[in-house]
Amino acid sequence: MHQQSSRQLQEQLTSLSVAEVLTAATRFFARGGGIYTAFLEKQGPSHVVLRGQGGEEIAIAARVTDAGTAVSGSSYLFDQQIARFLDSLPPAPPVAPVAEAAPALLPESAS
């Protein structure tokens, strides 16, 4: 029996919307082929849970951030497939560094 601590969380930023990520995940794992195929079991507005060979669970979640859509995936046995899915997503555009504003000059007080 696997312990929860052995589960690996993988993350990636993408330019896709949350809905597009979840649709892509469902399609990607349904066409996995052979023992790496997994099908939609549960879906929420920001996540999908897929079930694969031997009842193996794959969880994919997405949320909007300032840098793009953050996608995370977790599974006991499907780590390589999750990595391939995340690599298949278009990357988020690079975020330009925010320049620090110069401190405002206060007028000298008249004495």
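Hey, got the dipole for segment 4-88? About the Cα centre, +1 on K and R Cβ, -1 on D and E Cβ, debye to the nearest 20? Numbers along the way, then the final one.
Values: 7 positive and 8 negative charges, 38 e Å.
The dipole of segment 4-88 has a size of about 180 debye.
Applying a 10 Å radius around every beta-carbon, put 66-75, 48-57, 32-41 in order of their mean neighbour count, most first.
On the way: 66-75: 17.9, 48-57: 15.6, 32-41: 14.0.
Per-residue Cβ counts within 10 Å, averaged per peptide and sorted highest first, yield 66-75, 48-57, 32-41.
Considering segment 4-88 at the alpha-carbon level, its Rg and Dmax are found to be 11.9, 38 Å.
Of the residues Gly34, Val21, Gly68, the one whose Cα sits farthest toward the positive end of the charge dipole of segment 4-88, with +1 on the Cβ of Lys and Arg and -1 on the Cβ of Asp and Glu, is Gly34.
How would you order 25-31, 58-64 from highest to lowest mean count of nearby Cβ atoms within 10 Å?
Numbers: 25-31: 17.4, 58-64: 19.7.
Sorting 25-31, 58-64 by mean packing, highest first, produces 58-64, 25-31.
Computed from the coordinates by the stated procedures, all read-outs in this text should not be read as laboratory data. All values derive from a computational prediction rather than experimental measurement. Note that we place each Cβ from the backbone using ideal geometry, even for glycine, and neighbour counts take in every protein chain shown.
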